Amino acid sequence: MAKRFLFNALLPDFFEALHFFGELHAPVMTSDGVTAFRPALSLAEVRLDYRRTLIPPKKYLLPPRETTLDATPTEGYRLRTPADKEIILFGVHPCDLAGIDYLDRVFLSSSPDPWYARRRERFTLIGLSCEPDDFCFCGDIGDNHSAGFDIFLEQAEDGYHLLCGTDKGEAILASFKDLLHERRIPPPHKREKKLPPSCFATAREGEPLPATPMWDDFAQRCLSCGACSACCPTCYCFDVLEGGTLDGDRAERVRSWDNCLFRGHGEVAGGVNFRASRRERFQYRFRHKFHGFGPQRNTPACVGCGRCREACPVKIDLLDIVRQEGTHDSC
Amino acid sequence: MTAAEASVIPRTATIIAVSHLSADTALFSLRLEGERPHFSFVPGQFIQLSMPGGGEAPISLAAAPADDGTIELCVRRVGRITTMLHNSRSGDRVGIRGPFGNGFPLEEMTGRDILLIAGGLGMAPLRSLLHALLADRDRYGALTLMYGAREPAAILFREELVALARRTDVKLLLTVDFVREEQPAGLACNIGLLPALLAGIRFDPTSTSVAICGPPPLYGCTIGALVAAGCPEERIYLSLERRMKCGQGLCCHCAVGDLLCCTDGPVFRYGDIRNVPGAL
């Protein structure tokens, strides 16, 4: 039997040793009272029982703002390669692992995005089991198994079962032999389901959005603040901006997080706006989250992390619409 | 450079000629630098034009790239990037990525009568389609171009239209919204909107494939008439405009229903999007 059990007393040593494999980041409480993935030197800083971070781990793979290209008059455009830095992210919950898995499918498919791909190669994910709260509903979205991790820590009473998902994870665990013990890994516990089973079954081809007065209700309340999208582990849409020096010697192309709730998201030069109303923007986000666009068609992007439900300042809950799917006429 | 990198890094192109087609629209000839400047192209595809220091805008190619890597962009001065382009002159360097998108399905159109309906700047992408149809003229049936412009001075590619009007294997129907000057010599031109022009022509709807490109209101007011006349919905092709920032299906600004305009489009069959709210 492989040695895959870590006693609680040895967790600090395990955490300490992870520093050898890269820059170690984990959920910590920031000085302004927010739980965030940040560099963590010792386990004492880490909030092992955290519910969710405000911003999901997508920030490591898709920085809120990054320079992608440099341009000069003589050389034209050149790729700016992200820093060659290995990051170990410790304590990632299954929903966030699923979020990264979704982003991988978007950004590493037929034509891999060079910036995302480079960061992803240098990114190690160490998952951590969690307890659901009132906001999250991952049991309704995925199956009952965590996936997409290099190593996963499944909490038991006196320690953690360590699951290994990749060769990278195996290589790390191989160096921890002295810390680990043998114990039979129990079957994964079932995650709680909160919604009727039909709710996510309608994300299939050609399925129109449900017709419900809720769209108008939500559109009237929505502040277009974009919080739901900024905190979403699978919202990745980006704007592309460019600026240069006045003498024209250098220019930089930047991509930065955009937000489909913002009025300018569907606007083209000349002023035509293909999503001028809040209702249209709201439905656009819903369609992307639960029905998918392009190659991700029919793949719900929602991972059930509950962030948008917690973050919305006017208490808009997309699950209210999800519950309508398939129960009403379409609009 | 990997293929993935080549699709995100603009190639340098030099402006070699600018020809003004109307008060706000010009045809820019650009030559791509480097080895193998030619690229494969389907009429209706677009490129991303980079103005260094300004950014990118999606522009349809107005013709297939020449063997020496010369491409033609018909651009109206309407926003930041297009204004920068209009302020450029021959010898200035810009960036090009692409081509992107699907383009018009020439195979599906083979053997059929073809009706092209262009409104305003919509003439630009349809010009590349027209060139392809004329280059293989025998493969298609009756060919009609209907083109509507705001006023006579806004008619683009006037000299080419004069040449086209002389051909016996193409029917050319022009219309302008209004006239406040003499009509251009050599061009017979109606006054009125495209739907009125459409109502006045005779064609066999079941054997005709239709390609439409123009400002958003054009689609609504022509498609109804075409469908009422009996055109099959899957034989009506629409080239749509959307905010396409990346061209690769990633930035997610351009979805039409669950289709992405930059990768699943910009050419859509009417039948595929007729029930999509906000598509037209």
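Just so you know, all these numbers are worked out from the coordinates, no wet-lab data involved. In this text, all values refer to a predicted model and were calculated from it rather than measured experimentally. Glycine also receives a Cβ, built like all others from the backbone with ideal geometry; neighbour counts cover every protein chain displayed.
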Query raised in the report: So who's got an amide H within less than 5 Å of the one on residue A:23, skipping anything under 5 residues away but keeping other chains? H placed 1.01 Å off N, in plane.
Result: A:86, A:87, A:88
Report task. Using a Gaussian network model of chain A whose springs link C-alpha atoms within less than 10 Å, name the residue from A:243, A:270, A:292 with the highest mean-square fluctuation. Result -> A:270
Report task. Can you put A:104, B:169 in order of Cβ neighbours within 10 angstrom, beginning with the fewest? Result -> B:169, A:104
Report summary line: Inter-chain shielding metric for B:2-11, i.e. average beta-carbon neighbours from other chains within 10 angstrom, reads 5
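Applying 1/(1 + (r/R0)^6) with R0 = 41 Å to the Cβ-Cβ distance of residue B:150 and residue A:104, what FRET efficiency is obtained, to the nearest 0.05? Show your work: numbers first, answer last.
Numbers: r = 48 Å, r/R0 = 1.18.
The computed FRET efficiency comes out at 0.30.
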Query raised in the report: Taking a ≥ b ≥ c as the square roots of the eigenvalues of the Cα gyration tensor of the stretch A:107-264, is the shape rounded (a/c under 1.5), prolate (a/b larger than b/c) or oblate?
Result: oblate
Report task. Among B:1, B:277, A:165, pick out the residue whose Cα is farthest towards the positive end of the charge dipole of the protein assembly as shown, where Lys and Arg carry +1 and Asp and Glu carry -1 on C-beta, about the Cα centre. Result -> B:277
Requested in this report: In a Gaussian network model over chain B where Cα atoms closer than 10 Å are linked, find which of B:249, B:200, B:148 has the largest mean-square fluctuation.
Outcome: B:200
Query raised in the report: Shielding of A:262-275 by partners, i.e. mean partner chain Cβ atoms within 10 Å per residue?
Result: 5
Query raised in the report: In what sequence, highest mean first, do B:238-246, A:156-164 appear when ranked by Cβ atoms within 10 angstrom?
Result: B:238-246, A:156-164
Query raised in the report: Most fluctuating residue of B:209, B:40, B:128 in a GNM of chain B with Cα springs under 10 Å: which is it?
Result: B:40
Report summary line: Taking Cα pairs closer than 8 Å and at least 6 residues apart, the relative contact order of the stretch B:67-154 in percent is 31 percent
Query raised in the report: Size of the dipole of the protein assembly as shown about the Cα centre, Lys and Arg at +1 and Asp and Glu at -1 on the beta carbon, nothing else charged, in debye to 20?
Result: 760 debye
**Report entry** Residue mean of other protein chain beta carbons inside 10 Å, B:242-251
**Finding:** 6
Query raised in the report: Isolated Cys in chain B by the 4.7 Å beta carbon test?
Result: B:74, B:189, B:213, B:221, B:231, B:262
Requested in this report: Please name which of B:225, B:268, B:88 has its Cα lying farthest along the dipole of the protein assembly as shown towards the positive end, using unit charges on Cβ (Lys, Arg +1; Asp, Glu -1) and the Cα centre as origin.
Outcome: B:225
Query - Within chain A: Cβ-based charge dipole about Cα centre, in debye rounded to nearest 20 (Lys, Arg +1; Asp, Glu -1) - result: 560 debye
Query - Dipole-positive endmost among B:57, B:168, B:255 within chain B (Cβ charges, Cα centre) - result: B:57
Report summary line: Note to self: C-alpha centroids of the stretch B:255-280 and the stretch A:259-295 sit apart, in Å, by 13 Å
Report task. As a check on your grasp of the helix formula, calculate [θ] at 222 nm for the protein assembly as shown: sum -39500 (n - 2.57) over DSSP H runs of n ≥ 4, divide by the residue count, round to the nearest 500. Result -> -6000 deg cm²/dmol
**Report entry** Antiparallel bridges, percent of DSSP beta bridges restricted to chain B (to nearest 5)
**Finding:** 60 percent
Query raised in the report: Karplus couplings for the stretch A:235-240 from phi (6.51 cos²θ - 1.76 cosθ + 1.60, θ = phi - 60°), rounded to Hz, Gly and Pro as x?
Result: 7, 10, 5, 9, 9, 10
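Based only on other Cβ atoms within 10 Å, what is the fewest-to-most ordering of B:24, B:272?
B:24, B:272
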Requested in this report: Convert each backbone phi in the stretch A:70-84 into a coupling constant with the Karplus relation 6.51 cos²θ - 1.76 cosθ + 1.60 (shift: θ = phi - 60°), then list the ³J(HN,Hα) values in order as whole Hz, x for Gly and Pro.
Outcome: 10, 10, 10, x, 7, 9, x, 8, 10, 5, 9, 7, x, 4, 7
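Tally Lys and Arg at +1 and Asp and Glu at -1 over the other residues with C-beta under 13 Å from the C-beta of residue B:277: what net charge comes out?
+3
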Query raised in the report: Using +1 on the beta carbon of Lys and Arg, -1 on that of Asp and Glu, and nothing else charged, what's the dipole of the stretch A:70-153 about the Cα centre, debye to 20?
Result: 540 debye
Query raised in the report: What relative contact order, as a whole-number percentage, does chain A give when Cα pairs under 8 Å and 6 or more residues apart are counted?
Result: 22 percent
Query raised in the report: Non-local amide H neighbours of residue B:256 (under 5 Å, H modeled in plane, Pro and chain starts lacking H): which ones?
Result: B:261
